[in-house]
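Read the structure below first, then the notes.
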């Protein structure tokens, strides 16, 4: 921690800051400059809450130098963490798994059609919501436990791994039972009770970035899960709030190299929510792989025009086939490849 | 719902949109313009999810005309809702209650000192966190149930109503038992499970706006609570995310007249979190009252320099006394007043 | 400048940073911490451009401690600067001048009616655009030089000082000739050529904050004007870009105490552009005065329903009279008052 | 234009809106709905300024259906516009030109070294600033006319086309004389006087998106140039303001497919300013090409550690060679290629 003093700070002000640092149990180091003095806090190995120091007389700014996160940091663990949610479906390595499927599980026919279509197109995992967080209480809220059973059925039929969202403790326990990876949605990124719950469940977690969360806040939320003993966390960039009405969200691909520098955890991108409209999903999925994403999460519906939710951003199965063909070539241009399941021969391989 | 077509849309495109509207069970009304055609959906009395129509050929944009919320709307209920959390502590009427207190309950001595100080300064309710949502899992997380007991003690000593945050179902049930009003924090504004829980508890709820939530999203979250049968909801503007590092958050006072136009629910402001630093709390609290806020939520600590959290944004008791004196005069300039408890004679009256 | 090293930085990395600092002509001071080393740059009295140091091996972050601005800073000049644009129209002192008038000068009848209305309501200066920056090249662009002549006529008739916008060098020279204060609009806040021009003209300047400018950037733009020898600069908060469609802009009143702490220059608020709709202008003008604004800039039109631009955010004359009455009481609640011209007896006094 | 009425609007309110539309010279069409009435304006072929209608009694919202831009729109011109700034350097076609070079022209040796390096790496145009917009008046402001002469020299030596920024009329005329394409920087995107000047100069213009400009505002600024008779405009995404301190700007690649849908003008990306730090330039340049950018603008310096500006975001020549090799493969994966000059054999071809 560094405490920057005002140019007009008096020696007494500086002494008071030094005393406050001592009171926290650390050593203080005043560094006089030509224009102003800075006081360093020496000897800490974790983030100190010195917010009250900000308000001492003569203090201009308090700067935190220590990283606020610990176990998620690449300084803590140098090698990238591999998160295997099922045999052959590994995030964080050379190959890039594709998770695809509809926004919501709507019926047995729909989820089976979707699962077959995305497996044939090259996906290795199936996404689909059984519990849906909806801004309005009057929108379709998902099939609940019945949805999870249908996902399990789709897994048996196709061999795809299952990723599905949980919104509360009860849902998390059910998702852990029926699925291979529990998704925590953007709206719950800072629902710390839920983060602790999935930390204790020891199932892989896909943690989506909140609507306006900084990368640091995303990593701190992941830290909650790791702090409970679960390091099987996949981060997900899904677009952030934007003031530009031309796009529902702004897919922040800068976050991909940023996360990969700061953390050992894998990060995937969701261009469907990150753009909100089908026309942009294909170019932005390509962009995400080119930027180095460790996986892609994408909405595909067997009949988007009849989808109960997110129809406008779901790809038609044929579009998905063509997209994965392009993603495969782009991934090879940067020395990677798109993951395939044992025995899977995608139509676009 | 209005569907705006491209200038180049064909008659077949327009027909397909009309058919899609019919399939939703509504009547369609094409309106040709000089430049392009718009198709209206007639006869709906609620928001229709027509997202798949956005992706039909020839469609440029889908515009929603119906308000997405219902019970929270001033169109639904014309008169302002009064939320009384305790005798004499009423939000939404002529008078403006002040809720004050420390960020966290830290000890019996601290919370009692704080309670006495804020009551003497003119507050009618005491705030204080027993369960603290912290970005980092390693920060102080609150005293839990012991904190609630101390709040109850402070209530007995001072007569102040109690407002305290809940982060999960268990916490909500405890808060309902020990406090007069359950606060839902910004990070949980879209934790729909928790919103439903507090909707069923039938206790007044103070719902904080999320970090980057629109006013519409805030109202939709409140709708979750009303939809469970609980209309005792106080909304709270607490500052939104900003790209300007000169301020921790940006207190969006525009939201106050906006909410008051759209909804019958009261809205209060939290200038402490809305600014993040003591120097700005006083001017922004004044601004909030001048803008028409139905209450003020403010951090006051008996000894801010030793606070376990949010020390930099907590007022000293003396500053609070002076602030309330100014707030009283400002409220009178706009035909309101600052609430007082029966028998309370604030030092600044 | 402080250079924060990675935990994994080697002694050679640290030495390279020290060498780079020496190459810039300054002394380096390595400060080893328990977790990582920070290297300070000692002896500078201005902002050093050390951006290339950020990219040296082992460097985690470069932190600037020196303030990037100089002459605008309160550290440079302790006392608030008074900017007098006309006799009795002084910004930065105890009293709060109100600048009011239509968005655009439309005709002689319109501007005279507006001028009389706002003077009777308590304004001491008249605003009105002769050159209008419009997002679309097909919108009304103002009357040009004829507009300036009409403003001068209105000044002769009413005694009000004149504030008008310039968009280029030619316009700035004309505005300097005809008006008392040259406004630089939000879109031109970083048009450095224009800032230098008005810096050399030695007329008071009202500099509006850009759509998404930080307070630091606003102050740096003002520094361009002061660096040319003109310290008669009034800053203006006029709302910033927002992702919330419920408001055209977000009036950032936090910037008022922030600017007043960092700079000796006065700051005024423009609630008309800061909200974009008439209903919110009144509460937000009150809020701005309560927050400590050194002046208010407000759109009033004699017949808003027929305005050529900004009709929706212009007050009716009667609304303005009532607003100034409230502002006067609020300003007195915080030890200030609303400015009046010699001999002016507003209807609401 | 569509005028959405409140549920509580009276027949008289609706009539007043119809009358206001008639007064504008258009036909009105009231459309009663179950919940509320919408009034359409029929027969317009351009954007009407109906802002005063927003404020009429009973009006809830005014929605603009007509596109606010005209000549830049793909509805106006279906085929993509090709902008050729020099023989073989064409934007908007199948091939993707790369513009590279240092932030500023610093010296003859520096610019010649840079030019040779980027030509050998595969660039077809050289960028370099002679006039630099700097936030602080005390930062290096460029070599001015001498810089332009050095760029011309570099062109003679290498055959590269020249792109350079102008900040005012004088600079624009000089840039038109010495360079092949005039860049308008982000800070001047809404400097309408300058846009009109470059519209009349009939030189290709590279127009950068403002810090927080919407895509619509970017297109409207381009409309200013086309309205003067110059359709040789290249748009540029260069990152927008972000609240996330982990990145200097947020490169908004969503804007690329958005612009390509709305407009016939080419759009390029600048990952150097879009990220602000070297580590992210390579992944984000790849992402931009994968998203479909019609060109890439990239900072390369022969010795970034000694650059006078933007050192941290400039690539080393070797990094540039490797980057263009990857970009070539990615462009081929989507059916495009990287442009080459006649006779140019890049090291990475």
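The values are calculated or read from the model by the stated rules, or taken from the named source; none is laboratory data. Just so it is clear, the model here is predicted, and its values are computed rather than measured. Please note: Cβ atoms are built from the backbone with ideal geometry, for glycine as well, and neighbour counts cover all protein chains shown.
Restricting attention to the range D:185-196, does a residue exist that is buried (at least 23 other Cβ atoms within 10 Å of the Cβ) and under 20 Å from residue D:90 (Cβ atoms)? No; the residues of the range D:185-196 include none that is buried (at least 23 other Cβ atoms within 10 Å of the Cβ) and under 20 Å from residue D:90 (Cβ atoms). Search the range B:61-84 for residues being under 23 Å from residue B:183 (Cβ atoms) and at pLDDT 90 or above, and hand back the single one that is surrounded by the fewest Cβ atoms within 10 Å (Cβ to Cβ). Only one residue fits best here, namely B:82. Here residue C:183 does not qualify as over 17 Å from residue C:130 (Cα atoms) and not in a helix (DSSP H, G or I). Restrict the check to the range A:81-98 and report whether at least one residue is touching a helix residue (DSSP H, G or I) at 6+ places or on another chain (Cβ under 7 Å) and closer than 18 Å to residue A:267 by Cβ. Yes. Of all the numbered requirements in (1) farther than 28 Å from residue D:210 by Cβ; (2) touching a helix residue (DSSP H, G or I) at 6+ places or on another chain (Cβ under 6 Å); (3) at pLDDT 95 or above, residue D:305 misses one, and that requirement is (3). Looking at residue D:158, is it surrounded by fewer than 24 Cβ atoms within 10 Å (Cβ to Cβ) and away from chain C (no Cβ under 14 Å)? The answer is yes for residue D:158. Go through the range D:311-325 residue by residue and tally those that are over 27 Å from residue A:323 (Cα atoms), modelled with pLDDT of 95 or more and part of a helix (DSSP H, G or I). Selection size over the range D:311-325: 5. Of the residues making up the range B:289-316, those that are over 19 Å from residue B:129 (Cβ atoms) and touching a residue at least 60 places away in the same chain (Cβ under 8 Å) are B:289, B:293, B:294. Taking the range C:319-339 as the range and being away from chain D (no Cβ under 14 Å), surrounded by fewer than 21 Cβ atoms within 10 Å (Cβ to Cβ) and closer than 12 Å to residue C:118 by Cα as the test, the residues that pass are C:321, C:322.
Which of the residues belonging to the range C:1-40 are within 12 Å of residue C:58 (Cβ to Cβ), more than 8 Å from every other protein chain (Cβ to nearest Cβ) and not in a strand (DSSP E or B)? Hits for the range C:1-40 are C:9, C:10, C:11, C:12, C:13, C:14, C:15, C:16, C:17, C:18. Of all the listed residues (B:222, B:212), the sole one being within 12 Å of chain A (Cβ to nearest Cβ), part of a helix (DSSP H, G or I) and touching a strand residue (DSSP E or B) at 6+ places or on another chain (Cβ under 8 Å) is B:222. Residues of the range A:217-237 that are surrounded by fewer than 24 Cβ atoms within 10 Å (Cβ to Cβ) and touching a helix residue (DSSP H, G or I) at 6+ places or on another chain (Cβ under 6 Å): A:228, A:230. Which of (1) touching a strand residue (DSSP E or B) at 6+ places or on another chain (Cβ under 7 Å); (2) modelled with pLDDT of 85 or more does residue A:93 not meet, given it meets every other one? Just one mismatch for residue A:93, condition (1).
Scanning the range B:263-310 for residues that are facing chain C (nearest Cβ under 8 Å) and part of a helix (DSSP H, G or I) yields a total of 12. Before we move on, is residue B:271 free of Cβ contacts under 8 Å to residues at least 60 places away in the same chain, surrounded by fewer than 24 Cβ atoms within 10 Å (Cβ to Cβ) and either within 17 Å of residue B:206 (Cα to Cα) or within 14 Å of the chain's Cα centre (by Cα) (or both)? No, not satisfied.
As a summary of the residue check, residue C:206 satisfies the conditions (1) modelled with pLDDT of 95 or more; (2) in contact with a helix residue (DSSP H, G or I) (Cβ under 9 Å, 6 or more places away or on another chain); (3) more than 14 Å from chain D (Cβ to nearest Cβ) except for the one numbered (2). Checked against (1) buried (at least 20 other Cβ atoms within 10 Å of the Cβ); (2) modelled with pLDDT of 95 or more, residue D:120 meets all criteria but (1).
Scan the range D:191-199 and give yes if some residue there is more than 10 Å from chain C (Cβ to nearest Cβ) and touching a residue at least 24 places away in the same chain (Cβ under 8 Å), otherwise no. Yes, the conditions are met somewhere in the range D:191-199. If only residues of the range C:124-139 that are in contact (Cβ under 8 Å) with a residue 60 or more places away in the chain and under 26 Å from residue C:326 (Cα atoms) are counted, the one that is surrounded by the fewest Cβ atoms within 10 Å (Cβ to Cβ) is C:124. Of the set (1) in contact with a helix residue (DSSP H, G or I) (Cβ under 9 Å, 6 or more places away or on another chain); (2) surrounded by fewer than 18 Cβ atoms within 10 Å (Cβ to Cβ), all apply to residue C:342 but (1).
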